[in-house]
Structure formats: C-alpha cells, structure tokens
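Right, one structure below, let's go through it.
The values are calculated or read from the model by the stated rules, or taken from the named source; none is laboratory data. The model shown is predicted, which means the values in this text are computed figures rather than measured ones. Note: ideal-geometry Cβ built from the backbone for every residue, glycine included; neighbour counts use all protein chains shown. The area values use the complete protein model at the heavy-atom level, side chains included, leaving out ligands, DNA and RNA. Shrake-Rupley method; radii C 1.70, N 1.55, O 1.52, S 1.80 Å.
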Amino acid sequence: MGKRVGMEVSIAAAEAVKQCNVDVISAYPITPQTHIVEKLSELVANGELDAEFFCVESEHSALSVCVGAAAAGARAFTCTSSQGLALMSEITFIASGLRLPMLMILANRTLSAPLSIWNDHSDAMMIRDCGWIQFFVENGQEVYDHVFISYRLGEDPSVLFPVIINMDGFILSHVIEPIELIEQEKIDQFLPPYQPLYRLHPDRPITMGAYALPSIFMETKKAQEVALRSSIPKILETWKAFGEMTGRYYSPVETYKAEDAETLLVTMGSFGETASVAVDRMRKEGRAVGLVKIRLWRPFPFEAFKRATLHAKQLVVIDRAISVGACGPVASEIKAALYGEPVRPSIYNFVAGISGRDVAPSDFIKMVDKAEVEIEEGNREGFELYGVRE
Amino acid sequence: MTETLNVFAVRTLTQKEYFAPGHRSCQGCGEALAVRLVLKALGRNVIIANATGCMEIVSSPLPFTSWRVPWIHVAFENTAAVASGIEAALKVLMRKGRIPKKKIVTLAMAGDGGTADIGIQALSGALERGHDFIYVCTDNEAYMNTGIQRSSSTPFGASTTTSPAGRMKMGQITWKKNMAAIAAAHNIPYVATACPSYPIDLVQKVRKAAEIPGPAYIHILSVCPTGWRSAPELSIKLGRLAVETGIFPLYEVEYGRYHLSIDFPKLKPVKEYIKLQGRFRHLTDEMIEEIQDRTQREYEILRERMKRGF
Ligand SMILES: Cc1ncc(C[n+]2csc(CCOP(=O)(O)OP(=O)(O)O)c2C)c(N)n1
Ligand code: SF4
Ligand SMILES: [Mg+2]
C-alpha cells in the first residue's frame with residue numbers, strides 16, 4: 001500500500017502529473033487552477049520533473065502548445081478554469097478531432113458575467129460536445145488516481161482521445177485531504193512512456209489537420225463518434241487494471257444505497273459526498289432515498305445509468321450549471337437517456353450551488369422533500385433554481 | 001550581393017520538391033512559390049505548422065496532401081503556439097532518448113492575417129519564449145482565403161472587399177503594419193524580409209534562419225494575382241517592382257543589426273508598381289504622390305538604420 005499523506009488536492013494533482021513523467025506542460029494562470037501549475041513549475045525548476053514547462057501568453061496558446069507537442073509524440077498536460085477554458089474552447093474541438101491524447105485538469109469555475117471565481121460546472125458544460133473523454137471526480141483521491149487512468153486510457157491505440165478531469169474549484173482544488181500516493185514503480189508499470197501510432201517526424205512524413213469537404217466530413221465525424229462511444233469498454237478495463245493495482249475500483253456511474261431506493265438523488269462532482277450524508281440522514285428516518293453519481297460524463301454511460309436508475313420512482317437531478325432558457329444540462333441528458341424506456345422514473349431537476357453557493361446536506365434533504373411533493377402533485381418534470389433569495 | 005540576387009542562379013537549387021505539384025493555388029500565386037522555395041531551402045528534416053489560409057486550403061483537401069514533409073494545421077491564430085509545442089516536444093523527447101538526436105527544423109507558416117492580426121499574440125509569445133523555430137509570414141496583403149478582405153497588412157489605398165473603393169473612401173485608409181519591425185522589437189536573433197522574385201536571396205535567408213539558434217522571423221511579400229487584380233504572368237515582375245520602388249525593401253536584422261540586402265541609389269517611381277494592379281485602379285494622382293512620399297521617407301529611415309547598424 002502506498003503512503004497516505006494529507007495534502008492539498010491541487011498539489012496531489014501536480015504530484016500525479018509528475019509521476020506520469022509528462023514531457024510538455026503548458027498553461028496560463030487562472031483561479032482556482034493556479035496551485036497546480038505553480039507546483040508543477042516548482043517541480044520542473046527543482047529538477048524533480050524533466051519536462052518542458054511553458055507559462056504561455058494565453059490559454060488559447062496553452063492548449064495549442066499541447067496540441068503541437070502531442071502531435072510530435074510528447075505526453076502533454078494543461079489545466080485551466082472558466083474564462084481560460086472559454087478562450088481555449090476552439091482548440092478543444094480540434095485536439096479531439098485530430099485524435100491527440102493529452103490531459104487537462106479543469107478546476108471548475110463559473111463563467112462570467114457576472115464575474116465570479118467560485119465553483120460551478122458552467123465551464124465544463126460550455127464544451128460538453130468537444131469530443132474529449134470527460135470525468136467528474138468527487139474527491140482528492142479521485143483526482144490523483146484519474147491522472148494516471150486518463151493518460152493510460154487516452155494513449156491507448158484503440159482510444160486516442162484527449163481527456164478532461166473535472167474537479168470542483170476550491171471545494172476540491174483548495175482543500176487538504178488524505179491522499180494515498182502510489183509508488184513510482186507501480187506507476188511506471190501501469191503507465192509506460194507514450195508510444196504514438198503516428199507522430200510528426202521527418203522519417204515518416206504525415207499530414208495532420210487536413211480540411212474536409214462535405215463529401216468526406218461526415219465520414220470523419222462518424223469515425224470519431226464511433227471511436228469515442230466504443231472507448232467505454234476500454235475505460236472499464238483501465239479502471240479495472242487500476243483497481244487491481246491499488247484496490248480502488250471506479251465505475252462510470254456510482255451508486256450509494258440505491259438498490260432499494262424509491263427516490264434517487266443524481267449528482268456529478270463533489271456534490272456526491274455531501275449528498276451521501278443527506279442520504280444517510282434520510283435513511284435513518286426510514287425514507288427510501290439513495291444516490292447515483294455520474295463519474296463518466298463523455299462518452300455518456302447510457303447503459304450503466306439506466307441500470308442504476310430505472311427501478312426508482314423518481315430522480316432528483318441536481319445540476320451545478322444552467323442551460324439558460326432550458327434546464328440543467330445533466331437533467332436534459334438524463335431525460336434523453338431514459339426517454340425510450342416504457343416505464344421510467346419522474347425527473348425533477350434542481351439547479352443548485354452555482355457560483356459556489358454552499359449546498360449543505362440539509363439542502364439536499366429539502367430538495368428531495370420538495371421534489372417528492374411536486375411529483376406527488378403531478379409535476380413530473382419540474383425544474384427550478386434552488387435556494388434563490390426572492 | 002548581386003550574385004545572390006541573380007535570377008538565373010535559381011538553377012543551383014535542388015530539383016527536389018517537398019511541396020508537391022498539383023496543389024490548387026491560382027495561377028501565378030506568389031505564396032505557393034514562396035512556400036516551395038522555403039521548403040527547398042530547408043530540405044526534408046523539417047516539421048511544419050501551418051495556419052488556416054490559402055496555403056493550407058490549396059494543399060490539404062482530405063484525403064489528399066501536397067506535403068512531402070510532416071505537416072500540421074490546427075487553427076488560424078495559433079500557429080506560433082503549435083510550433084512552440086512541436087519544438088518543445090522534439091527537444092524533450094531527444095533529451096529523454098525517446099527519438100534519435102538530429103537536427104529537425106520547426107517551421108511555422110501563416111499569412112498576413114494569421115500573423116499581423118489574429119495570430120500576433122501567439123507569435124509574440126513564442127518569440128519572447130525563445131523557441132528555436134522559424135516563423136514565415138507569407139504576406140499577400142489581405143485575407144485571400146476568405147475572399148480578399150483587408151488586414152492590417154493591406155497597403156494604403158488598396159481596394160479589398162472590406163475596404164472597397166467607393167464615393168466616400170478610397171480603399172484601405174490605414175498604412176501597412178510593419179510586422180518585421182515588430183518581430184525585430186522582440187530582440188530575436190534573426191529577422192528578414194524576402195520575396196520569391198528574388199529566389200536565391202529568399203533561400204539563403206531561410207537557411208540562415210535555420211542555422212541560427214532561437215527564433216527567426218521571415219516576412220515574405222507574396223504577390224496574389226487574384227487579390228491584387230493583376231495578371232498572373234506579372235507576379236515575378238510585380239515582386240521585383242515592389243522591391244525596386246522601395247515599397248518592400250529586402251533586409252535582414254541580425255541580432256538587432258540592420259542590413260539592406262539590396263540597396264538602390266535611386267528608387268523606381270511607385271507608380272510603376274501601382275499601375276499594374278487593379279486593387280489600386282481608383283487611386284488619384286494625389287494619393288499616389290502620398291504613397292510615393294511615404295515610401296521614400298520610410299526607405300530613408302531604413303537606410304539610416306543600416307548605416308547606424310541598429
Ligand atoms: C478564428 C477564426 N476566424 C476567422 C477564420 C476565417 N479565416 C480563415 S482563413 C482567413 C484569412 C486568412 O488570411 P491570411 O492569414 O492573410 O492568409 P491568406 O489566405 O491570405 O494566405 C480567415 C479570416 C478562421 N478560420 N478562424
Ligand atoms: S488567392 Fe492569392 S494567395 Fe490564394 S491561392 Fe490564389 S493567388 Fe495564391
Ligand atoms: Mg493574406
């Protein structure tokens with residue numbers, strides 16, 4: 001077993017990146033991502049990590065540097081938040097279209113306006129369709145673990161996709177948690193150096209990033225879509241291998257006291273831990289409430305999600321972002337996922353905790369209360385922003 | 001010096017083509033010629049990052065490619081950053097022994113729009129960081145790929161689709177941005193201007209850029225018959241006139257020291273250059289006079305710099 005150390009989650013993330021022996025790091029500072037890059041630059045400056053580190057002039061360039069580096073066969077890393085991601089967004093689509101593996105840690109933060117440095121998932125939702133593998137993690141250990149998982153997965157010749165680890169800004173990035181570190185020898189075995197199928201090199205010239213006319217574009221998009229969808233078995237396999245190495249097993253959709261539950265809370269990210277406390281309290285009162293946590297956001301695990309939820313009478317989906325003029329993006333995904341089922345639970349959607357507004361276990365209980373009453377009264381597809389002062 | 005500016009010495013260049021024939025540029029395209037010469041100068045040990053623009057579009061319709069050397073296109077404004085990543089990857093992978101050690105030139109290429117406008121931030125960042133790469137701007141003085149819209153590199157008076165000559169305005173009302181001077185202001189080891197109408201000069205500058213460690217910037221005036229409304233068979237002549245009139249002087253800035261590649265005791269009148277191009281058709285004699293004065297003035301400044309050395 002590895003050492004268990006209390007450390008800030010951002011520092012743990014940087015440690016993991018170091019342990020992956022990345023080749024090129026390129027980033028631009030933005031709260032709350034800064035501690036990760038600061039730590040990494042320190043590790044490079046001290047010679048603890050042999051990598052090319054660039055604090056570039058913008059996030060657009062940060063990701064572009066990673067794209068160039070990955071195309072030349074390097075293991076690349078970047079991290080950002082909010083406005084930084086917005087500036088990068090153009091290149092996120094290109095990185096996946098070019099099938100270039102790399103890792104981005106996204107310390108999730110609200111998109112302006114109004115300007116806010118606090119946490120929600122509006123940044124991640126903006127690039128929902130960018131074609132990367134996207135995880136939402138729940139605690140510091142998951143952040144640390146998923147750095148290794150992401151590189152091994154993304155670089156697999158049958159996958160070749162960039163990966164985003166979403167971790168809630170401040171709520172995760174700035175807290176100190178006990179992290180079980182993995183011995184370097186184990187990591188070296190789990191994650192050998194990146195061997196690209198193709199790389200930019202004069203010995204074997206290739207053209208990357210050619211343009212497509214309508215007569216061929218659909219075919220290239222379909223190839224990408226099929227590849228991303230079919231990466232699910234590889235994702236499961238990678239988690240399994242990781243579990244065998246560490247004893248920590250992950251799954252696309254995690255459940256808590258869900259089997260016999262009539263009402264299921266559905267969350268993504270750090271909400272999961274708080275919601276589980278709420279579930280415990282409600283269980284004590286004899287209420288059949290459980291929790292489903294989505295860890296794999298793209299490719300969306302439709303089958304696993306259905307398996308986890310179809311038996312319930314109602315889902316209370318808590319979104320941490322809003323698709324203004326529609327509803328919470330997770331809720332709309334779930335509605336689409338379950339639409340084809342002959343018998344499906346009612347779905348009540350709350351948007352809560354945006355811009356870092358605190359959501360306590362008691363809030364989850366209130367949301368379940370409210371949803372149960374509303375559904376009982378026939379409002380089967382309700383949507384509201386929770387906790388707004390009127 | 002005259003030797004390097006000799007048009008016939010071009011026979012001494014390699015017969016090998018790294019930018020394959022059969023690409024889809026217009027007849028008489030100065031950019032395509034510039035690219036071809038740049039690649040001849042560098043040979044096969046090169047990796048190219050190319051911005052969105054004419055040269056990308058004419059060369060890479062899936063599933064075809066005109067590139068016989070490794071080449072990547074990512075987006076419009078980030079070529080210098082992509083090249084930075086490539087250069088960094090080569091460096092670290094060679095250091096870690098994961099690819100064999102050998103000299104591979106990282107070359108970034110973009111048009112004037114991709115350089116002087118939307119890509120200037122990424123370029124400035126890459127120059128400042130000091131990556132060992134060459135950045136070539138093929139300047140055809142407008143956004144040609146999207147249909148001849150003005151850029152900050154479009155010369156005063158030129159009519160484009162977004163700076164049209166009309167009753168109130170006479171085409172572009174601003175003066176051409178001096179990109180080479182901006183690059184030189186980064187105190188990088190090497191900056192040069194070139195034009196494919198002077199092929200040997202161009203090739204030598206590219207080779208020099210490849211040899212000098214650190215960033216190098218080469219600004220290449222590239223005649224575009226489609227956008228300039230000029231006859232395709234006049235492209236080489238127009239490039240020569242641009243230089244001979246002082247509109248586009250050829251020079252180098254080596255570690256801050258200015259050096260004119262070819263000096264003319266007496267410049268040809270700009271009118272000789274202007275009258276061959278439809279984009280200037282509407283210009284009045286007064287406007288041409290204004291261009292003449294400004295050209296002369298700027299040429300003198302350059303000459304003084306050369307005398308001073310910086
Ligand atoms: C972010 C972005 N904005 C706009 C465009 C559209 N666009 C593509 S090429 C181009 C003009 C290219 O002009 P230039 O760089 O001068 O190259 P040229 O085609 O003239 O060789 C424009 C505006 C784009 N591809 N990306
Ligand atoms: S529009 Fe101009 S630059 Fe573009 S391919 Fe044609 S001649 Fe060349
Ligand atoms: Mg142009």
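Just to be sure I understand, how many residues within the stretch A:48-65 are in contact (Cβ under 8 Å) with a residue 40 or more places away in the chain and either at the interface with chain B (Cβ under 7 Å from one of its Cβ atoms) or surrounded by fewer than 24 Cβ atoms within 10 Å (Cβ to Cβ) (or both)? Show your work before the answer.
Going residue by residue through the stretch A:48-65, those that are in contact (Cβ under 8 Å) with a residue 40 or more places away in the chain are A:63, A:65.
Among the residues that remain, those that are also either at the interface with chain B (Cβ under 7 Å from one of its Cβ atoms) or surrounded by fewer than 24 Cβ atoms within 10 Å (Cβ to Cβ) (or both) are: A:65.
So the answer is 1.
Taken together, the residues in the stretch A:157-180 that are open to solvent by 30 Å² or more (accessible area, probe 1.4 Å) and not in a strand (DSSP E or B) amount to 6.
Could we say that residue B:238 is within 15 Å of ligand 3 (Cβ to nearest atom), closer than 25 Å to residue B:290 by Cβ and away from every other protein chain (no Cβ under 14 Å) here? Before the answer, list the steps.
Working: within 15 Å of ligand 3 (Cβ to nearest atom): no; closer than 25 Å to residue B:290 by Cβ: yes; away from every other protein chain (no Cβ under 14 Å): yes.
The answer is no for residue B:238.
Which members of the stretch A:27-41 meet the condition of being in contact with a Pro (Cβ under 9 Å, 6 or more places away or on another chain) and surrounded by fewer than 19 Cβ atoms within 10 Å (Cβ to Cβ)? The answer is A:38, and nothing else.
Take the conditions (1) surrounded by fewer than 18 Cβ atoms within 10 Å (Cβ to Cβ); (2) assigned by TED's automatic domain parsing to the domain that holds residue A:275; residue A:258 misses just one of them, which is (1).
Residue B:291 - would you say it is surrounded by fewer than 18 Cβ atoms within 10 Å (Cβ to Cβ) and of a type in the set (Val, Ile, Thr)? Give the steps one after another, and end with the answer.
Details: surrounded by fewer than 18 Cβ atoms within 10 Å (Cβ to Cβ): no; of a type in the set (Val, Ile, Thr): yes.
Here the answer is no, as residue B:291 does not meet what is asked.
Picking from residues in the stretch A:210-257 that are closer than 21 Å to residue A:303 by Cβ and part of a loop (DSSP other than H, G, I, E, B), the one that is farthest from the chain's Cα centre (by Cα) is A:230. Within the stretch A:6-22, residues that are surrounded by fewer than 21 Cβ atoms within 10 Å (Cβ to Cβ) sit with their Cβ atoms under 9 Å from residues that are among the small types (Gly, Ala, Ser), at 6+ positions apart or across chains, in these pairs: A:7/A:140; A:8/A:140; A:8/A:173; A:21/A:51.
Any residue in the stretch B:214-240 that is at positive phi sitting within a Cβ distance under 7 Å of a residue that is within 14 Å of ligand 1 (Cβ to nearest atom)? List the pairs, counting only those 6 or more apart or interchain. That search, which allows pairs on different chains as well, returns B:229/B:279. When residues in the stretch B:11-54 are screened for being more than 16 Å from ligand 3 (Cβ to nearest atom), among the aliphatic types (A, V, I, L, M) and part of a loop (DSSP other than H, G, I, E, B), 2 of them pass.
From (1) under 30 Å from residue A:207 (Cα atoms); (2) of a type in the set (A, V, I, L, M, F, W, C); (3) open to solvent by 10 Å² or more (accessible area, probe 1.4 Å), pick out the condition that doesn't hold for residue A:44. Only one criterion in (1) under 30 Å from residue A:207 (Cα atoms); (2) of a type in the set (A, V, I, L, M, F, W, C); (3) open to solvent by 10 Å² or more (accessible area, probe 1.4 Å) is unmet by residue A:44, namely (1).
Please specify each residue of the stretch A:194-209 satisfying the condition of being in a loop (DSSP other than H, G, I, E, B), of a type outside the set (D, E, K, R) and crowded, with 18+ Cβ neighbours inside 10 Å. First the steps, then the outcome.
Let us first name the residues in the stretch A:194-209 that are in a loop (DSSP other than H, G, I, E, B), namely A:194-206, A:209.
Applying the additional criterion that residues be of a type outside the set (D, E, K, R) yields A:194-198, A:200-202, A:205-206, A:209.
Passing the criteria: A:194, A:196, A:200, A:201, A:205, A:209.
Could we say that residue A:77 is hydrophobic (A, V, I, L, M, F, W, C) and closer than 23 Å to residue B:126 by Cβ here? Judged against the criteria, residue A:77 is a match. Scanning the stretch A:264-323 for residues that are open to solvent by 30 Å² or more (accessible area, probe 1.4 Å) and over 23 Å from the mean Cα position of the chain (by Cα) turns up A:280, A:281, A:283, A:284, A:285, A:286, A:287, A:288, A:310, A:311, A:313.
Rundown of residues vs (1) touching a residue at least 60 places away in the same chain (Cβ under 8 Å); (2) in a helix (DSSP H, G or I); (3) farther than 26 Å from residue B:168 by Cβ, yes/no style:
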residue	(1), (2), (3)
B:268	no, no, yes
B:287	yes, yes, no
B:297	no, yes, yes
B:301	no, yes, yes
B:304	no, yes, yes
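Counting only strands (runs of 3 or more DSSP E) that fall entirely inside the stretch B:71-155 and contain at least 3 residues that are within 16 Å of ligand 1 (Cβ to nearest atom) and in contact with a Ser or Thr (Cβ under 6 Å, 6 or more places away or on another chain), the qualifying elements are B:105-111, B:134-139.
Only one entry in B:229, B:281, B:308, B:240 is surrounded by fewer than 16 Cβ atoms within 10 Å (Cβ to Cβ) and at pLDDT 95 or above, namely B:281.
For the stretch B:24-65, filtered to residues that are of a type in the set (Ser, Thr, Tyr) and open to solvent by less than 10 Å² (accessible area, probe 1.4 Å), the residue that is farthest from ligand 2 (Cβ to nearest atom) is B:60.
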